[in-house]
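J.: One structure is given below, represented as structure tokens, and several questions about it will come after.
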Amino acid sequence: AAMENAYEELLLEQDDSTARPWPRRLMAGLATCALCCLLVSMPGAPSEVPGQLDLGVDTLDASVAAKKGPDHRLPQSWHQAAAAANSSGSGLHPVIMMHGALKTASDFDQVKVWISRRHPGTRLLAVEMYEGADSLQPLAEQVLGLSHFLERLVEDYEEFAGGYNLLCHSQGAVICRALCEAMPNHRALSLVSLAGPQMGVYGSTWLEHAEPFFEAQIPMPKLPDFPLPIPGLGEVKKAAGSVAKGSFYQLAYTSMLQSVSLANLWHDPLHVESYLRGNVFLPLANGETAASSKSGYRSNFLRLQKATFLVGAFTRQTYDSPLGVEPWQSGVFGFYANGSSTKVEPIEKQDVFAKDSFGLRTLHETGRLHLEAVEGIGHQEWLTSETVFVKHVMPHL
């Protein structure tokens, strides 16, 4: 019952006549094509935004049943790895890793080597769920799926029952943070967020790079190539991205695009009411809705012994990489002030901290919150640079 209540406001209610018959990847592809159209033309009038989040009984039953299906069973290779791992030595608590959007568990291959070298015997599991195009599924569904997986992991391996550390990157860091709020019985001891857009994303750079970001995993019609240089084409494309940034909310907050994870992260500071009404995930996760205060998210989040949020800092650009966190301050709970697309306010001036909506301020006051913006660290460097990882990440595991 506690699990049902915790997720009641987090998952989208599925419409039997539309959502269920369509494969998730087709929906993501349609949404992607709509995004590309937006980059070259202004959208029409806003569509209706979805209403109050609700989880019907049928959907809950299906979710519970799915826990027993193949998607939520531990792969045989993981059973073998867990059985073979050496539990002696200077091992840390088990470390569970979650990848970012359109990425895979293999992103953590080097990280596992670095940890094992310094802390032999540590149980290391990179989650092989929601990889590639599957990572575009709604974030609420990914939170629920990951929670079921962690429950099964604790059931199957008693060493995880004593607690584990969550090491999560990019979109995966937002999923892990939301999981610590929504899952009443999580066993996470510490949460380490690497370049996670915790306050969402907003910016022209993100939109300008949206097409190749999707195209890497989803078949899309190719836009015409221009074999000859066209004077001013670069300026035109940049202007188109700027226009799209200002109007993208009209598409992002529709039910179609809210079925894609990246749209769940779009936080438009110039259209706050549309964001609060139309974004079905982030306002709830950040305690910006009335439902959040009744959900128990704060007490669940405060089960953490420590939460660490790391991101790269930059003075000449607003992002940590073209396809990463924009503005980069979102990785440490900073974001644009309401009504502004240029003025960034730090965590201390954000309601998520001032109102202690899900426990950030309490963690800070009890010495359990660590925020760090490291100059010049690109989005992927947290997972590809041993120097960066050992110096800035390892001390928090």
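The values are calculated or read from the model by the stated rules, or taken from the named source; none is laboratory data. Note that this is a predicted model, so its numbers are computed, not measured. With ideal geometry, Cβ positions are generated from the backbone for all residues, glycine too; neighbour counts draw on all protein chains shown. Keep in mind that these areas ignore ligands, DNA and RNA; they rest on the heavy atoms of the full protein, side chains included. Shrake-Rupley method; radii C 1.70, N 1.55, O 1.52, S 1.80 Å.
J.: Could you give the spread of the C-alpha atoms of the stretch 271-397 along their three principal axes, from largest to smallest, in whole angstroms?
T.: 43, 34, 23
J.: In sequence order, what are the phi-derived ³J(HN,Hα) couplings for the stretch 169-176 according to the Karplus relation 6.51 cos²θ - 1.76 cosθ + 1.60 with θ = phi - 60°, rounded to whole Hz, with x for glycine and proline?
T.: Coupling constants for the stretch 169-176: 10, 6, 4, x, 5, 5, 4, 5 Hz.
J.: Cα centroid distance between the stretch 329-397 and the stretch 129-160, in Å?
T.: 24 Å
J.: How many nm is it between the label spots at Asn338 and Gln305, if each spot is 7 Å from the Cα in line with the beta carbon?
T.: With each label point 7 Å from Cα toward Cβ, the separation is 3.8 nm.
J.: What does the highest-first list of 165-177, 301-313 look like by mean Cβ count within 10 Å?
T.: 165-177, 301-313
J.: Same structure again: Counting only heavy atoms of protein chains, what accessible area per residue, in Å², does the stretch 91-154 have with a probe of 1.4 Å?
T.: Normalised by residue count, the accessible surface of the stretch 91-154 is 29 Å².
J.: Right, next: Here are some pairs, Lys245/Lys306; Lys306/Lys349; Lys306/Lys355; Lys103/Lys349; which of them have Cα atoms lying more than 30 Å apart in this structure?
T.: Lys245/Lys306; Lys103/Lys349
J.: Still on this model: Averaging over all projection directions, find the projected area of the Cα convex hull of the stretch 351-397 and quote it in nm² with one decimal place.
T.: 4.3 nm²
J.: Next up: For Leu189, which sequence-distant residues (separation of 5 or more, or a different chain) have an amide H within less than 5 Å of its own amide H, given hydrogens modelled in the peptide plane?
T.: Hits under the 5 Å cutoff: Tyr164, Asn165, Leu166.
J.: Gain in length, Met256 to Gln317, computed as 0.36 nm per residue apart minus the alpha-carbon separation, to one decimal in nm?
T.: 18.8 nm
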